1. Could you grab the pairs with beta carbons closer than 7 Å, sequence gap of 6+ or different chains, first residue in region 140-166 and touching a residue at least 24 places away in the same chain (Cβ under 8 Å), second one open to solvent by less than 50 Å² (accessible area, probe 1.4 Å) and part of a loop (DSSP other than H, G, I, E, B)?
2. Any residue at all in region 259-267 that's open to solvent by 30 Å² or more (accessible area, probe 1.4 Å) and modelled with pLDDT under 70?
3. For region 161-184, state whether one or more residues are of a type in the set (S, T, Y), open to solvent by 70 Å² or more (accessible area, probe 1.4 Å) and not in a loop (DSSP other than H, G, I, E, B).
4. Check L136 against each of (1) open to solvent by 70 Å² or more (accessible area, probe 1.4 Å); (2) modelled with pLDDT under 85 and name the one condition it does not meet.
5. If you go through region 113-127 one residue at a time, do you hit one that is without any contact (Cβ under 8 Å) to a residue 40 or more places away in the chain, open to solvent by 30 Å² or more (accessible area, probe 1.4 Å), among the hydrophobic types (A, V, I, L, M, F, W, C) and not in a helix (DSSP H, G or I)?
6. So the check is Cβ under 8 Å with 6+ separation or different chains; which pairs have a first residue in region 68-79 that's at pLDDT 80 or above and among the aromatic types (F, W, Y) and a second one that's open to solvent by less than 40 Å² (accessible area, probe 1.4 Å) and in a helix (DSSP H, G or I)?
Amino acid sequence: MSLRSKSIPEISFTIVLGLICAAIFLLIAYPLYFIVIASISDSVLVSTGKVLLFPKGISFFGYSEIFQDSRIWTGYRNTIFYTAAGTLVNLLVTLPAAYVLSRKEFKYGKYIMFAFVFTMFFNGGLIPTYLLMKDLHLINTVWVFIIPFCVNVFYLIIALTFFENSLPKELYEAAAMDGCSHFKYFMTVALPLSKALISVIGLYYLVGHWNNFFTGLIYIRSNELQPLQIVLRDILLSNQVFSGGAGTGGSAGGYAQRYADQIKYGVIIISTLPVLLVYPFIQKYFDKGVMIGSVKG
């Protein structure tokens, strides 16, 4: 429909809707953009409100200080491994479990699902969990990031609901008539039709592992095993101490605070950039109708 064929109310609604969407986009995008330009701008100009749309007093000192710290590369290496391995294990456990629990013929499914849901509301707490990790010899190992938390019950419920409501039972009946087992049906039919589900849950798991701060703080003692978030925290704290201590020395304090603020903004960018780069490749599956045409008649 061309613009000429639309009535005045329709045109007005389109314009208002466009303005609202643009405003929402700016509210979401500008804070991230501001952090980017603030990380390379003079912190004095940033704090006085003189940096709004473009960077001023450009300096990459904050980034150079961050990347000169050898711990940053160790943290990146560890977090990439924890994220990749953890997300893979999450999907390998969550998807088969959700499929099995979604089958009506599995008579014990509701009892097992109750046990899963029970853990959403009741748990042992920090100290019992720590003692359990210690008894399992997972303290200060890479496996504490992967094994103990391999299933998120909320994501399990999402996957279970998807298998129940989005995969017509006729698909399995047709496959079973050709001698297809549950395992073969899950691998060759259910998973290929679940790309949207796998992408969304995989992204949620990936972001959770990437931002995992608490596990490294509580269970990891070795610097060689610390994730990126802990390393960035240590860098940020050390620079805050430096700026506070140097502040007692007059002009040196201003210099220290100036670059400590740059490092603060740089840490935010470094910690979020990889996820922002991955998201566009997965976002296309969020609204994709993967079931269109899967059942005929």
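The values are calculated or read from the model by the stated rules, or taken from the named source; none is laboratory data. Since the model is a prediction, treat every value here as computed from it, not as a measurement. Note that we place each Cβ from the backbone using ideal geometry, even for glycine, and neighbour counts take in every protein chain shown. Please note that ligands, DNA and RNA were not included when accessible areas were found on the heavy atoms of the full protein model with its side chains. Shrake-Rupley method; radii C 1.70, N 1.55, O 1.52, S 1.80 Å.
1. Taking only residues 6 or more apart or on different chains, the pairs are N140/I220; N140/S222; V144/L138; F145/N212; I147/L138; S166/M291.
2. yes
3. no
4. For L136, the exception is condition (2).
5. Looking for residues that are without any contact (Cβ under 8 Å) to a residue 40 or more places away in the chain, open to solvent by 30 Å² or more (accessible area, probe 1.4 Å), among the hydrophobic types (A, V, I, L, M, F, W, C) and not in a helix (DSSP H, G or I), one finds at least one in region 113-127, hence yes.
6. Listed by first residue and then by second, the contacts come to Y76/L228.
Yes/no matrix, rows are residues, columns are (1) assigned to a helix (DSSP H, G or I); (2) at pLDDT 85 or above; (3) not polar (S, T, N, Q):
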residue	(1), (2), (3)
F186	yes, no, yes
L193	yes, no, yes
A196	yes, no, yes
I201	yes, yes, yes
Y204	yes, yes, yes
G208	yes, yes, yes
N212	no, yes, no
L217	yes, yes, yes
L232	yes, no, yes
